[in-house]
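First comes the structure, then the notes that go with it.
The values are calculated or read from the model by the stated rules, or taken from the named source; none is laboratory data. A quick note: this is a predicted structure, and the numbers were derived from the prediction, not measured. Every residue, glycine as well, gets a Cβ built from its backbone with ideal geometry; the counts of neighbours run over all protein chains shown. In case anyone asks, the SASA skips ligands and DNA or RNA and just uses the protein heavy atoms, side chains included. Shrake-Rupley method; radii C 1.70, N 1.55, O 1.52, S 1.80 Å.
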Amino acid sequence: MSDYALELLSISCTFHSKDDPGQRYTAVADTTLRVRAGEFVSVVGPTGCGKSTLLNVGAGLLAPSSGTIKVFGQTLSGVNARAGYMFQTEALMPWRSAIDNVMVGLQYRGVPDADARGQAEAWLSRVGLSGFGDRYPHQLSGGMRKRVALAQTLVLDPDIILMDEPFSALDVQTRQLMENEVLDLWSAKKKAVLFITHDLDEAIAMSDRVVVLSAGPATHPIGEFAIDLARPRDVAEVRTQPRFVELHTQIWEVLRDEVLKGYAQQLRKAA
Ligand SMILES: Nc1ncnc2c1ncn2[C@@H]1O[C@H](COP(=O)(O)OP(=O)(O)OP(=O)(O)O)[C@@H](O)[C@H]1O
Ligand SMILES: [Mg+2]
């Protein structure tokens with residue numbers, strides 16, 4: 001069996017412009033990215049560079065223009081059934097209660113309702129929401145909704161977890177609580193995680209490895225760093241360690257210019 005849970009091999013993604021189908025935009029160019037079974041990998045890059053695009057490719061939701069995706073050594077065609085996906089935007093169904101949102105994936109898989117409900121309740125309690133199952137998304141705080149989304153992803157026990165800036169909309173304290181919870185859950189089960197973020201502190205605190213992407217167009221990896229900080233980690237405390245600061249300095253050296261380029265592009269687009 002392959003050591004790798006997920007391999008994105010020489011991936012390129014070119015889009016046609018909606019306004020002018022003759023115009024093409026290459027978001028991702030010749031990108032290779034691998035995640036070992038049990039490994040926590042973060043991808044950082046400036047806004048709009050192509051992070052979500054790459055994750056969509058890994059989830060099998062977007063076919064790349066060229067390149068191959070392998071899941072545990074097998075070439076992927078169609079949706080990646082071994083992966084659970086936590087989206088960048090809120091993805092709960094507003095008309096379903098928290099418990100019904102967590103159950104829905106199991107129900108799609110044909111798990112009988114009573115069993116699905118039991119598993120969903122167990123996961124709601126694991127993410128600190130026992131007793132909140134009957135609430136609808138609008139009756140929950142932003143942090144609670146993220147917990148429901150986390151339970152919704154993990155209840156399916158995916159071998160690969162894809163997370164797209166899952167906590168970027170949260171306040172700093174709630175965010176650190178959630179990051180620590182994700183690390184606790186991950187260390188219990190050691191799934192392969194591909195975690196997208198634009199926050200370098202978050203990437204270092206959480207990961208075994210950080211991959212830096214260039215600013216678009218034609219995004220591709222420009223640096224890769226092993227994070228040799230001891231685990232278990234507390235995401236707030238780990239930031240005070242000298243080794244954390246050292247890694248941050250090294251990676252920021254690579255990322256800084258790309259962030260500036262990405263920011264300049266945003267300003268040009270807005271003008
Ligand atoms: N379906 C599409 N059609 C046309 N262009 C697209 C499409 N999807 C993405 N793009 C473009 O590809 C680029 C990368 O987009 P993507 O959403 O992957 O960036 P991102 O790194 O996730 O950004 P953010 O940090 O803001 O979430 C952007 O310029 C975006 O406009
Ligand atoms: Mg994105």
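Some points to look at:
- Within the range 39-49, considering residues that are of a type outside the set (V, I, T) and modelled with pLDDT of 95 or more, the one nearest to ligand 2 (Cβ to nearest atom): S42
- Any hit, the range 78-85, residues being under 28 Å from S52 (Cβ atoms) and more than 21 Å from the chain's Cα centre (by Cα): no
- Only listed residue being at positive phi, of a type outside the set (D, E) and surrounded by fewer than 15 Cβ atoms within 10 Å (Cβ to Cβ), chosen from G78, G50, G67: G78
- Enumeration of residues in the range 50-88 that are within 16 Å of ligand 2 (Cβ to nearest atom) and not hydrophobic (A, V, I, L, M, F, W, C): G50, K51, S52, T53, N56, G58, Y85, Q88
- Note on the range 1-22: residues that are more than 10 Å from ligand 1 (Cβ to nearest atom) and at pLDDT below 95 total 7.
- Which listed residue, of V35, V28, is open to solvent by less than 40 Å² (accessible area, probe 1.4 Å), modelled with pLDDT of 95 or more and within 16 Å of ligand 2 (Cβ to nearest atom): V28
- Subset of the range 144-200 (residues that are closer than 17 Å to V44 by Cα and surrounded by fewer than 17 Cβ atoms within 10 Å (Cβ to Cβ)): S168, A169, D199
- Those residues of the range 47-74 which are over 15 Å from Y85 (Cα atoms), within 10 Å of ligand 1 (Cβ to nearest atom) and either basic (K, R) or touching a strand residue (DSSP E or B) at 6+ places or on another chain (Cβ under 8 Å) (or both), in sequence order: C49, G50
- Every residue from the range 201-210 that is more than 16 Å from ligand 2 (Cβ to nearest atom), within 13 Å of D234 (Cα to Cα) and open to solvent by less than 10 Å² (accessible area, probe 1.4 Å): I204, A205, M206, S207
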